[in-house]
Amino acid sequence: MFTSTFVGFVVLSAGAGQCGRPLPAYPAPGVWGPGPGVRYVQRPVTVPPLSPYMPVVESKDAPAKEKSLYERLGGEDAIKAVVDDFVGRAASNPKVNFTRKGTPVEWKPTPEAVAHLNEKLVELVGAVTGGPQKYSGRGLKEVHKGMMITQDEFDALAGDLKASLDKFKVPAKEQEELLKIVASTAPDIVEKKK
């Protein structure tokens, strides 16, 4: 108690013109502050003892901010590695029909076209998983229009993505979250054969 009262006295004294500083000039009563008839009472100031070694206590109630799926996947470099593997895997899978052979929009996988596809896939995965990327491609429905992709082909493609995620040892929770996002795109990609 002596320490905290003494500290309060020193603080108040320093602010009241002690320690070589002049007293502050206050306006006459009634001009500033409460009017006549108001009585000021001095009370002892109690402050906790000061210590340079005060521990920092974090609230246990505040939930820790969970990292985004993008961060948990490993960021852009990890996503690029998975996309590169996935595109190669899907392109060689006849159940996927990656080049859309036999459709009006058959795709020619030139090195430039594959690089462009990889770039757009990395942008898309980054954007939908909380990364800094902005997807600059056309809408999924527009891009896949006329490709006549069946649900079986879409499922085979998703299976290839899962195999690539397994190859890079992506944890099950992150795989499930990403595959759920991929599954949500099916209505824009799968076309019913007429």
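Laboratory data are not the source of any read-out in this text; all were calculated from the coordinates shown. These figures come from a predicted structure and were not determined experimentally. Reconstructed Cβ throughout: ideal geometry from the backbone, glycine too, with neighbour counts over all protein chains shown.
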Cβ-Cβ cut-off under 11 Å around L140, Lys and Arg +1, Asp and Glu -1: the net charge is +2
For the stretch 85-194 the GluC sites (Glu not before Pro) that pass both the DSSP coil test and the at-most-11 other-Cβ-within-10 Å test are E106
Of the convex hull drawn through the C-alpha atoms of the stretch 88-194, the volume per residue in Å³ is 110 Å³
Note on the stretch 132-194: alpha-carbon gyration tensor, axes a ≥ b ≥ c; rule is a/c under 1.5 for rounded, else prolate if a/b larger than b/c, else oblate; result oblate
Net charge near A127 (other residues with Cβ under 12 Å of its Cβ; Lys, Arg +1; Asp, Glu -1) is 0
